[in-house]
1. With label points built 7 Å along Cα→Cβ from the Cα atoms of residue 120 and residue 162, find their separation and express it in nm.
2. By its C-alpha gyration tensor, with a ≥ b ≥ c as the square roots of the eigenvalues, how is the stretch 103-251 shaped: rounded for a/c under 1.5, else prolate for a/b larger than b/c, else oblate?
3. Rounded, prolate or oblate: pick one for the stretch 60-119, where a ≥ b ≥ c are the square roots of the eigenvalues of its C-alpha gyration tensor, a/c under 1.5 means rounded, and failing that, prolate if a/b is larger than b/c, else oblate.
4. Under a crude label model (7 Å from the Cα following the beta-carbon direction), how far is residue 190 from residue 79 in nanometres?
5. With r defined as the distance between the Cβ atoms of residue 182 and residue 51 and R0 fixed at 45 Å, what FRET efficiency is calculated, to the nearest 0.05?
6. Can you give the extra length, in nm with one decimal, that the chain gains between residue 270 and residue 108 once fully stretched, where that is 0.36 nm per residue apart less the Cα-Cα distance?
7. Quick check on the exposure proxy: order 140, 154 from fewest to most C-beta atoms within 10 angstrom.
8. Using the basic label-point model (7 angstrom from Cα toward the beta carbon), what is the residue 170 to residue 68 distance in nanometres?
Ligand SMILES: C[S@@+](CC[C@H](N)C(=O)[O-])C[C@H]1O[C@@H](n2cnc3c(N)ncnc32)[C@H](O)[C@@H]1O
C-alpha cells in the first residue's frame, strides 16, 4: 500500500493511491539555505544552518546555530521549549529558512474537503494536539473555525501561543493526554469535539501513538481528522509505531480516508525536500493500538 510511483496529479480523493515520484528539480540543491528577515531579526537573533557536509543525522537530530546578542547557541530542531522561548525563532527556523508549509497545506485541504461535504468551518469543534505556538490554530481561525482547544505537552508552547497569538484558542491545556489530570480529562470530554487536527507532531519522538489514540477517543463518531505524517512512515515503520497504527486504522476502516495530498513539508538542513502526506479522514471506530 501507499507505494510511491510516477503520478504527478496533486491532491485527489480516494482511499488508495500511488504517490507521485519526487520532482527531480526539488532534489537539486542550487541555492543556499538562508534566513530571511522576521521578528527575530529585530531582536539581534541570527540563525545559521550548519554546513550539510558535516551532518549525517536523521530529521530529529537536525540542529542550527542561533546567535543571540553575539552569543552562539546550538539548538536542536526538536528542542521546542528553547525555540518557543524566543519570540519568532520557531517561525524563523522552520518557515523562513526551511520553508515549512504544513499548517497551510493541512488546513487548506481540510477546508476544501469540508466545502465538498457542505460542512461550514464554524460547525467544527476542534481539538488540536501538539499545538505549539499556535500557527495551525491561526490558520484554522482564518478559515472560520470558531472553537479550538489546544493540547501540548510543553508549558513553553502554551506561553508562546498566548504571547504570539492571543485569542486563537478557547483553551490551551498543557497535559500528557495519555495520563491527563481528571479535571482536564473531564473538561475535554465535555467539549464534544468533532474534529482532531495535528500538524508536524506525529512520530520522531513527539506525540506517541497512545496520545494520538487518546485524542481520537475524544472525537465524536463520524468526526473529522486532519493530520500529516512523514511519507516514509506510511510505507515503513518509524520507531514509534505510528506508521503501523495509521496504516492498520486505514486498512481496518477505523479511519475512513477522505482525501490526501503528498507535498514538501520542508527542507532538510542539506536542502533536500522532506515529503509528508496530509490526510483528511473520518472517525469510524476506535484506533487499534499496535504493539
Ligand atoms: C513541530 S511542533 C508542531 C507545532 C504545531 N503543530 C505547528 O505545526 O506549528 C511539535 C509539537 O508537538 C508537541 N508534542 C510533542 N510530544 C507531545 C505529546 N506527547 N503531547 C502533546 N504534544 C506534544 C511539541 O511540544 C511541539 O509543540
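1. It works out to 3.2 nm between the two label points.
2. It comes out rounded by the Cα gyration axes.
3. prolate
4. 4.0
5. Once the sixth-power term is evaluated, E becomes 0.35.
6. 55.5 nm
7. Lowest to highest Cβ neighbour count: 154, 140.
8. Result for the modelled spin labels: 3.5 nm.
Taken together, the values in this text are just the output of simple stated rules run on the coordinates, not laboratory data. Here the structure is a predicted model, which is why all the values come from computation and not from measurement. So basically every Cβ, Gly included, is an ideal-geometry build from the backbone, and we count neighbours across all protein chains shown.
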